[in-house]
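The values are calculated or read from the model by the stated rules, or taken from the named source; none is laboratory data. These figures come from a predicted structure and were not determined experimentally. Cβ atoms come from the backbone with ideal geometry, glycine included; neighbour counts cover every protein chain shown. All accessible areas refer to the heavy atoms of the entire protein, side chains included, with ligands and DNA or RNA removed. Shrake-Rupley method; radii C 1.70, N 1.55, O 1.52, S 1.80 Å.
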Amino acid sequence: MKYLDELLGKNESLAWRGDLHVPVSGIEFDSRRVSRGSCYIAIRGFHQDGFAHVAAAIASGAIAVVSVHPPPKEDSPVTWVQVKNDRRALSAMANRFFDDPSRRLQVIGVTGTNGKTTTVSLIQALLGGSAHAAAIGTLGMNFAGNTRPTKLTTPEAPELFAFMAEALEAGCASLVMEVSSASLSLNRVEDIAFSQAVFTSFSGDHLDFHGTMENYFEAKLSLFRKLGSDHWAIINGDDPMGPLIIRELDCRYVTFGFSEQADIRPLKYGFSMEGVRAVLQTPRGKIEFQSPLLGRFNLLNIMAAASSALVRGIGTDQISTALAAFQPVRGRANIAHAGDFLVVVDYAHTDDALENLLKAFREIAHGKLILVFGAGGSRDRTKRPRMAQVACRYADQVVVTSDNPRQEDPQAIIADIVAGFAPGFSAYRTEPDRRAAIGLALDMAAKGDVVLIAGKGHEDYQIFKDRTIHFDDFEVVREKVGKRDA
Ligand SMILES: Nc1ncnc2c1ncn2[C@@H]1O[C@H](COP(=O)(O)OP(=O)(O)O)[C@@H](O)[C@H]1O
Ligand SMILES: [Mg+2]
């Protein structure tokens, strides 16, 4: 049993009213999850202030309320604590509640604009699979065959620490996690002791949240600043931001990439419809492997993961064997149909990811590249014209459609994209209905072509202003190809 006073750090509380030495049964920031004995931490969110739900939390049995507001003047059956920083308090108190679990695990944080999910899954596999290494990210949290969904790529601190405690209990020695830049800005990973941080790539996504490129990069950088002298940074040496991160490091580091200077780099490599074959040069000797992952960017993800595993002491043979067995992550350069032509579903929803995807498939396609894509509504609008420019530069045929329109009018999003095409570009069609758009693209496909369906990847839903419907790119491809062949 933990007491409120042990959970509160020395300098965290500014003022309080009531008994601090009360037993706490859990740390909650969502009043709907509060039960008898919970400590409710009211967080100021983007849409609402958790303080508005204090009465509900108390009614559900909260024993203490922590917030940035001063305690009430009158007596109260619960204890009130005022803290300087609500999000910091949430992270610190949840960490103490679960006995600082990240210090008993080797925690590997993966950050970057693209490639996090794939790299996390790869590292987990190279470390011996989910019995040894737990994972947290866009695809959920999992260890030892146990999977549960997450709403956020990097969940809030209480969920993170609770999961770590469970993974430790199940015997995991490591945890590999996606660290989103939002989670860094919002103190979600503040109290996690990372032993490694991996930088995959950088580009201008999420500018709606961070405002400027500098803020966004600063957020990413803060993960690397947390590393001490006995920790490791794994850096994409091909990325222009690589040297800027290296400059800030107080820890050991290795670089990976195609460049001659990279510590881990391919001596030989080839890409085909079957995947990647390569021989990697590493400080521990060569790693020769064949992997079913498609495209050039996946060789970068493989190198990132191999670097991470190498500094954890995994042998080169174990790495080659695990790479050969590793299957594509759902919706990441994932084949949805292979026949006369290839249909690939991919989660690329930034200009950078889309460019890498198109370039990668240019290298392996014999025929035309036909691209189906859209852009999410109610999110960063600046990337729409950039995605359009990339599409018209690298694809032969484009079908502009809807992604998740959310609160916006699908036609307006499409218009933003079309306005970004190069003057004179006419090899495109627009079709707001994603099912019909996929049908159009498949009708255009001939032998040797590749149809790329980008943006939604593993998602099985589509979000509109007034409703969310079931929608799965893979299913639609099967349905349309089936009709065509019938
Ligand atoms: N190393 C990379 N560099 C650039 N783009 C990548 C890289 N790896 C994957 N991508 C692209 O980004 C998309 C998302 O990949 P994913 O592994 O889910 O990354 P994240 O979790 O960072 O969103 C992929 O579907 C692919 O199009
Ligand atoms: Mg992800």
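Key figures for this structure:
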{"item": "Residue list for region 59-68, restricted to those being of a type outside the set (Ser, Thr, Tyr) and not in a strand (DSSP E or B)", "result": "Ala59, Gly61, Ala62, Ile63, Val68"}
{"item": "Qualifying residue in region 423-432 (condition: of a type in the set (A, V, I, L, M) and either within 16 Å of ligand 1 (Cβ to nearest atom) or not in a loop (DSSP other than H, G, I, E, B) (or both))", "result": "no"}
{"item": "Positions within region 435-481 being open to solvent by 40 Å² or more (accessible area, probe 1.4 Å), outside any loop (DSSP other than H, G, I, E, B) and not hydrophobic (A, V, I, L, M, F, W, C), in sequence order", "result": "Arg435, Asp443, Tyr461, Thr468, His470, Glu475, Arg478, Glu479, Lys480"}
{"item": "Number of positions in region 335-375 that are assigned to a helix (DSSP H, G or I) and within 16 Å of ligand 2 (Cβ to nearest atom)", "result": "5"}
{"item": "Whichever residue in region 1-58 is part of a strand (DSSP E or B) and of a type in the set (A, V, I, L, M) and, among such residues, is most open to solvent (accessible area, probe 1.4 Å)", "result": "Leu14"}
{"item": "Residues within region 122-141 that are small (Gly, Ala, Ser) and buried (at least 24 other Cβ atoms within 10 Å of the Cβ), tallied", "result": "4"}
{"item": "Single unsatisfied condition, Ala144 versus (1) of a type outside the set (Ser, Thr, Tyr); (2) on the phi < 0 side of the Ramachandran plot; (3) surrounded by fewer than 19 Cβ atoms within 10 Å (Cβ to Cβ)", "result": "(2)"}
{"item": "First in region 154-183 and open to solvent by 10 Å² or more (accessible area, probe 1.4 Å), second anywhere and of a type in the set (S, T, N, Q), Cβ under 6 Å, 6 or more apart", "result": "Ser180/Thr153; Ser180/Thr154"}
{"item": "Candidate set: region 72-121, residues that are hydrophobic (A, V, I, L, M, F, W, C) and open to solvent by 30 Å² or more (accessible area, probe 1.4 Å); chosen: the one farthest from ligand 1 (Cβ to nearest atom)", "result": "Trp80"}
{"item": "Every residue from region 73-85 that is modelled with pLDDT under 95 and under 13 Å from Ala55 (Cβ atoms)", "result": "Ser76, Pro77"}
{"item": "Lone unmet requirement of (1) surrounded by fewer than 20 Cβ atoms within 10 Å (Cβ to Cβ); (2) modelled with pLDDT under 95 for Phe297", "result": "(1)"}
{"item": "Scan of region 380-420 for residues that are modelled with pLDDT under 95 and crowded, with 21+ Cβ neighbours inside 10 Å, ordered by number", "result": "Lys383"}
